[in-house]
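Everything on this sheet refers to the single structure shown next.
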Amino acid sequence: MATTSATTFSIGSTVSFGSRGNPLPQSKPFVARFTSPNSLASFSGLKAATYVNCESESSFFSKESSAALRGSFVPKAQKANQKSQNGLQPVASYKVAILGAAGGIGQPLALLIKMSPLVSALNLYDIANVKGVAADLSHCNTPSQVQDFTGASELGNCLKGVNVVVIPAGVPRKPGMTRDDLFNINANIVKTLVEAVADNCPDAFIHIISNPVNSTVPIAAEVLKQKGVYDPKKLFGVTTLDVVRANTFVAQKKNLKLIDVDVPVVGGHAGITILPLLSKTKPSVNFTNEEVEQLTVRIQNAGTEVVEAKAGAGSATLSMAYAAARFVESSLRALDGDGDVYECSFVQSDLTDLPFFASRIKLGRKGIEALIPSDLSGLSEYEEKALEALKPELRASIEKGIAFVQKQPVTA
């Protein structure tokens, strides 16, 4: 993600550092050049480009930091570059809208997306207090132009021509509150916003963050169906935070380099429906039964861990914004033609007998190119039992979301 028009730093999926000399005027497209789309080194969703140059003095990195970063990335980049000489040239040409941009997740998420070298326009919407957020972000010298939109009367204009819509709108969890407690408030918010998406940018990728995701994604699907514009390949429940947490906790537990760790997380996005497949961890690592139990429970309850630590002052907003920014960047890379983009997401699925299911997916220009079934084969006995145990709760949440829309038909 871009720090300046001449230097790029990605927190989502593409990390690159480069300067070609004279910075481009902010009104012109930003171009970041990489030597290969297939030789990017993965860092739990972060990617290091094979061309690395940290000589820009306009970056917010100091010269010392740039030198350290160069020392870290260049050897890996040069090694990867030996494998391929293909070209990849992402250009800032995509329009992203954040609905709920003034909230606890929306603000840090907007900042992270503002840093993306692929974003040309960033539209921020909320029912109040978004003008100041947009003004603040607009001072950051990155390529995307920021606009603010307040209230229902401006929602349509916010969504015109948008490529990716991210929806973190809604109330956060508070101590003692389950994700189900959020349903009645957030369900109606998501329904209203997705109606506007259907009317104004029906071909956009739709990222649902608003909880309970196990219900709000089916709500969005039903709204889009009633509007006649449903494309299951473009509707995503953002479960990336579960993967981020799993990778972090496993790396800590096993004293591994985080850059090497990848744990697929399947099922849903609440409590026991979150199932980290520790047997599929890369690199391969052995866990005791006690470690599997402890890690699984911690990953499942990590949101509550943050809610309790904040003691009523909020929920997991920063880590959620980070994870959501990673998924946005992955989507943008896919839209831009990168053929090697994989993430876990809660989507319409036929991998189980449930209509929606979180699993690893391959992303492409038209959305989901493939569901990855291999993660569900060869599960451990613990995982097999956990998978069957989560299904009734996940099914009930899905059906609750569908029923909500069917009882309240969408606005024509």
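The values are calculated or read from the model by the stated rules, or taken from the named source; none is laboratory data. Everything numeric in this text was worked out from a predicted model, so none of it was measured. Because the Cβ atoms are built from the backbone with ideal geometry, glycine has one as well, and the counts that use them run over all protein chains shown. Calculation scope for accessible area: heavy atoms of the full protein, side chains included, ligands and nucleic acids excluded. Shrake-Rupley method; radii C 1.70, N 1.55, O 1.52, S 1.80 Å.
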Quick check on SER330: is it under 29 Å from LYS95 (Cβ atoms), hydroxyl-bearing (Ser, Thr, Tyr) and crowded, with 17+ Cβ neighbours inside 10 Å? yes
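Are any residues in region 373-398 without any contact (Cβ under 8 Å) to a residue 40 or more places away in the chain and either among the acidic types (Asp, Glu) or under 27 Å from VAL194 (Cα atoms) (or both), and if so, which ones? Let's see the steps before the verdict.
To start, the set of residues in region 373-398 that are without any contact (Cβ under 8 Å) to a residue 40 or more places away in the chain comprises 373-374, 377, 381, 384-385, 388, 391-392, 396.
Residues satisfying the conditions are GLU381, GLU384, GLU388, LYS391, PRO392, ALA396.
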When you go through THR411, THR352 one by one, which is the residue that is open to solvent by 80 Å² or more (accessible area, probe 1.4 Å), touching a residue at least 12 places away in the same chain (Cβ under 8 Å) and β-branched (Val, Ile, Thr)? THR411
What are the residues in region 289-309 that are open to solvent by 70 Å² or more (accessible area, probe 1.4 Å) and over 18 Å from VAL243 (Cα atoms), if any? ASN289, GLU290, GLU308, ALA309
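Do you know which residues across region 274-309 are basic (Lys, Arg) and touching a residue at least 40 places away in the same chain (Cβ under 8 Å)? Reasoning before the result, please.
From region 274-309, those basic (Lys, Arg) are 280, 282, 298; that's our starting set.
Residues satisfying the conditions are LYS280, ARG298.
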Counting just the residues of region 377-408 that are basic (Lys, Arg) and exposed (fewer than 15 other Cβ atoms within 10 Å of the Cβ), which one comes out nearest to VAL297 (Cα to Cα)? LYS385
When you scan region 229-273, how many residues do you find that are touching a residue at least 60 places away in the same chain (Cβ under 8 Å) and either crowded, with 19+ Cβ neighbours inside 10 Å or within 22 Å of GLU369 (Cα to Cα) (or both)? 27
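Just need a number here: residues in region 310-327 that are open to solvent by 20 Å² or more (accessible area, probe 1.4 Å), in contact (Cβ under 8 Å) with a residue 24 or more places away in the chain and among the hydrophobic types (A, V, I, L, M, F, W, C). Walk me through it before giving the result.
Of all residues in region 310-327, those open to solvent by 20 Å² or more (accessible area, probe 1.4 Å) come to 310-313, 317-319, 322.
Right, trim to in contact (Cβ under 8 Å) with a residue 24 or more places away in the chain and you get 311-312, 317-319, 322.
When the remaining residues are screened for being among the hydrophobic types (A, V, I, L, M, F, W, C), the result is 311, 318.
Residues flagged as open to solvent by 20 Å² or more (accessible area, probe 1.4 Å), in contact (Cβ under 8 Å) with a residue 24 or more places away in the chain and among the hydrophobic types (A, V, I, L, M, F, W, C) within region 310-327 amount to 2.
Filter the helices (runs of 4 or more DSSP H) completely within region 91-210 down to those with at least 1 residues that are without any contact (Cβ under 8 Å) to a residue 24 or more places away in the chain and of a type in the set (D, E, K, R). Steps first, answer last, please.
Working: elements: 106-114, 130-137, 152-159, 183-200.
Counting at least 1 such residues, we get 130-137.
Quick check on this structure: which one of SER345, SER374 is under 24 Å from the mean Cα position of the chain (by Cα) and open to solvent by 50 Å² or more (accessible area, probe 1.4 Å)?
Numbers: SER345 fails: open to solvent by 50 Å² or more (accessible area, probe 1.4 Å).
Checking each option against the conditions leaves just SER374.
Among the residues of region 224-283, what is the count of those that are assigned to a helix (DSSP H, G or I) and at positive phi? It would help to see each step written out before you state the result.
Here is the first cut: in region 224-283, the ones assigned to a helix (DSSP H, G or I) are 224-227, 232-234, 240-254, 258-260, 271-273, 278-280.
In the following step, the residues that additionally are at positive phi were identified as 271.
Total meeting the criteria: 1.
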Based on what the data block shows, is LYS366 of a type in the set (Lys, Arg) and either surrounded by 23 or more Cβ atoms within 10 Å (Cβ to Cβ) or touching a residue at least 60 places away in the same chain (Cβ under 8 Å) (or both)? yes
